[in-house]
């Protein structure tokens, strides 16, 4: 039996021009994760990361922290299958139309525009985002220029298969990714519906850890959305 440890990236830069980079808090979350692993002598036989900057930087900081604390850690290997979906691009394209045609979405968007402070803006933005993403996952929104939800699921599943098929029995593998691929991994293990999978993605905290046990013909959940390394509520973020 081998272990796949899936890590969501640290907090990114919400409301900034470049969302993809880690915030200072996101870098601290990644460092705390590496320190936690070092204290508990967690060793990985392979480390993978998605191609996005926030994913790669989280992996780099965690690995660097392990090495600074005299723990061995492999260099992260980039795998495209761990990239996040293009939900933000889909929302950017469809939100103007939805706010014009749908009173519910228009009310949510207005609440976001009126919001003050980062926390309130994040909360109101999330409501809009969830509404648009649900419609996208159900196939109610079509954006041919972007990867569709079924294609996203297939890509992530193929990425997970590539990672696990390269592992020997008893190995521990780390995969740094985002909330979407974490949800797809849970779908793979639990045979979830698309809607249930999407709902799980909203629960995954920044720098949280989800673990799976796997063999050649089994893939099961061991833990979901764990964050023992984040010992203060100020470190608990979703966006």
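The values are calculated or read from the model by the stated rules, or taken from the named source; none is laboratory data. None of these values were measured; they are calculated from a predicted model. Neighbour counts are summed over all protein chains in view; Cβ atoms, including those assigned to glycine, are modelled from backbone coordinates with ideal geometry.
Taking the criterion of being in contact with a helix residue (DSSP H, G or I) (Cβ under 9 Å, 6 or more places away or on another chain), more than 25 Å from residue 76 (Cα to Cα) and in contact (Cβ under 8 Å) with a residue 40 or more places away in the chain, would at least one residue in the range 159-176 satisfy it? The answer is no, given that none of the residues of the range 159-176 is in contact with a helix residue (DSSP H, G or I) (Cβ under 9 Å, 6 or more places away or on another chain), more than 25 Å from residue 76 (Cα to Cα) and in contact (Cβ under 8 Å) with a residue 40 or more places away in the chain. Evaluation of residue 47 against the conditions (1) in contact (Cβ under 8 Å) with a residue 40 or more places away in the chain; (2) surrounded by 18 or more Cβ atoms within 10 Å (Cβ to Cβ); (3) closer than 18 Å to residue 21 by Cα shows that the sole unmet condition is (3).
Within the range 195-211, identify whether any single residue is over 16 Å from the mean Cα position of the chain (by Cα), crowded, with 16+ Cβ neighbours inside 10 Å and modelled with pLDDT of 95 or more, and answer yes or no. Scanning the range 195-211 turns up no residue that is over 16 Å from the mean Cα position of the chain (by Cα), crowded, with 16+ Cβ neighbours inside 10 Å and modelled with pLDDT of 95 or more.
Return yes or no: is residue 99 in contact with a helix residue (DSSP H, G or I) (Cβ under 9 Å, 6 or more places away or on another chain), outside the structural domain of residue 177 (by TED's automatic domain parsing) and surrounded by fewer than 20 Cβ atoms within 10 Å (Cβ to Cβ)? When the stated conditions are applied, residue 99 passes them. Scan the range 212-239 for residues that are surrounded by fewer than 18 Cβ atoms within 10 Å (Cβ to Cβ), farther than 24 Å from residue 122 by Cα and under 17 Å from the mean Cα position of the chain (by Cα) and the total you get is 2.
Which one is surrounded by the fewest Cβ atoms within 10 Å (Cβ to Cβ) among residues in the range 64-89 that are in contact with a strand residue (DSSP E or B) (Cβ under 6 Å, 6 or more places away or on another chain) and closer than 17 Å to residue 209 by Cα? Across the range 64-89, the extreme among qualifying residues is 76. Criterion applied to 38, 59 was being in contact with a strand residue (DSSP E or B) (Cβ under 8 Å, 6 or more places away or on another chain) and either assigned by TED's automatic domain parsing to the domain that holds residue 181 or at pLDDT below 95 (or both), and the one residue passing it is 59.
The set of residues from the range 165-186 being surrounded by fewer than 20 Cβ atoms within 10 Å (Cβ to Cβ) and either touching a strand residue (DSSP E or B) at 6+ places or on another chain (Cβ under 8 Å) or modelled with pLDDT of 95 or more (or both) comprises 166, 167, 168, 169, 170, 171, 172.
Taken as a whole, the range 112-129 holds no residue that is over 23 Å from residue 197 (Cα atoms), assigned by TED's automatic domain parsing to the domain that holds residue 199, surrounded by 15 or more Cβ atoms within 10 Å (Cβ to Cβ) and without any contact (Cβ under 8 Å) to a residue 60 or more places away in the chain.
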